[in-house]
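Quick notes on the structure that follows.
The values are calculated or read from the model by the stated rules, or taken from the named source; none is laboratory data. This is a predicted model, so every value here is computed, not measured. Note: ideal-geometry Cβ built from the backbone for every residue, glycine included; neighbour counts use all protein chains shown.
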Amino acid sequence: MKKACDFLVGNMSLLVFLIGVFAVWRPEALTWVGPHIPVLLGIIMFGMGMTLTVDDFKNILRNPKGIFIGVCAQFLIMPAVAFGLVKAFGLPPEIAIGVILVGTCPGGTASNVIAYLAKGDVALSVSMSATSTILAPLVTPILTYLLADAVIDVSVSSMMMSIVKMVLLPVLLGLGVHHFFENFSRKINPFMPMLSAVTVVLTVGGVVSLSAAKLLDVGLMMFAVV
């Protein structure tokens, strides 16, 4: 089992690429994943919560410099890169707006999964995701208007419910299990990296399969930009 876990985690980038190619080739094989993506990500966030303690978050709050740097990078570097790619590739307006939106939106649950798999600071990653999502209803529309000259309507309630359901609630439940059922948490934690890797691969496959036709329409340039 450990060998299988190490293989999946160590070769995740290759597996993501292969599942993406397969999803474009045979999208019907993976469209079933789409409706289950929020649940899959929630399960992984629950698993991450079981690796964390309250002290991890207390340490972050005592020294919030990391959150500040991360959020600044999220809303300064990412939009600037997206804008630069739009200009460099001369993308048409309808695609350019989408690329800029990717750059101006907050980090999602997948970023927490990657931090976990890379043995990074998961507590910091979760804190950054929560902070950037709270700021997004104000910052994302402003940045999109400045960079793309487009007005977008952001649903504050939907965005907040998303971060609560897919990040905060599962992590808090995981923290509770780690605190009250430490032996169970210790037994299941070794399997969580493998489960996380499988979830990421399936999620990518599901997302690509749902947009396979559009991805083929935009051509290789869009793949290069992404």
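Miscellaneous remarks
- Set F68, F75: member being among the aromatic types (F, W, Y), within 25 Å of M128 (Cβ to Cβ) and free of Cβ contacts under 8 Å to residues at least 24 places away in the same chain: F68
- Summed over the range 79-126, the residues that are among the small types (G, A, S), in a helix (DSSP H, G or I) and under 23 Å from A197 (Cβ atoms) give a count of 5.
- Residue match in the range 31-44 (condition: free of Cβ contacts under 8 Å to residues at least 60 places away in the same chain and among the β-branched types (V, I, T)): yes
- Pairing residues of the range 117-131 that are on the phi < 0 side of the Ramachandran plot with residues that are of a type in the set (F, W, Y), at Cβ distances under 6 Å and at least 6 apart in sequence or on separate chains, gives V122/Y116; A123/F57.
- Candidates G103, G49 - the one that is surrounded by 15 or more Cβ atoms within 10 Å (Cβ to Cβ), in contact (Cβ under 8 Å) with a residue 60 or more places away in the chain and not hydrophobic (A, V, I, L, M, F, W, C): G49
- Given (1) surrounded by 16 or more Cβ atoms within 10 Å (Cβ to Cβ); (2) farther than 24 Å from F180 by Cβ, index of the condition I44 fails: (2)
- Residues of the range 1-16 satisfying the condition of being exposed (fewer than 12 other Cβ atoms within 10 Å of the Cβ) and modelled with pLDDT of 80 or more: S13, L14
- Residues satisfying the stated conditions in the range 83-95, i.e. surrounded by fewer than 22 Cβ atoms within 10 Å (Cβ to Cβ) and aliphatic (A, V, I, L, M): L85, A88, L91, I95
- Count of residues meeting criterion [crowded, with 20+ Cβ neighbours inside 10 Å, modelled with pLDDT under 80 and β-branched (V, I, T)] in the range 108-130: 2
Here is a yes/no grid of residues against (1) loosely packed, with under 15 Cβ neighbours inside 10 Å; (2) at pLDDT 85 or above; (3) in a helix (DSSP H, G or I):
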residue: S132; (1), (2), (3): no, no, yes
residue: A136; (1), (2), (3): no, no, yes
residue: V139; (1), (2), (3): no, yes, yes
residue: M166; (1), (2), (3): no, no, yes
residue: F191; (1), (2), (3): yes, no, yes
residue: M194; (1), (2), (3): no, no, yes
residue: A197; (1), (2), (3): no, no, yes
residue: V201; (1), (2), (3): no, yes, yes
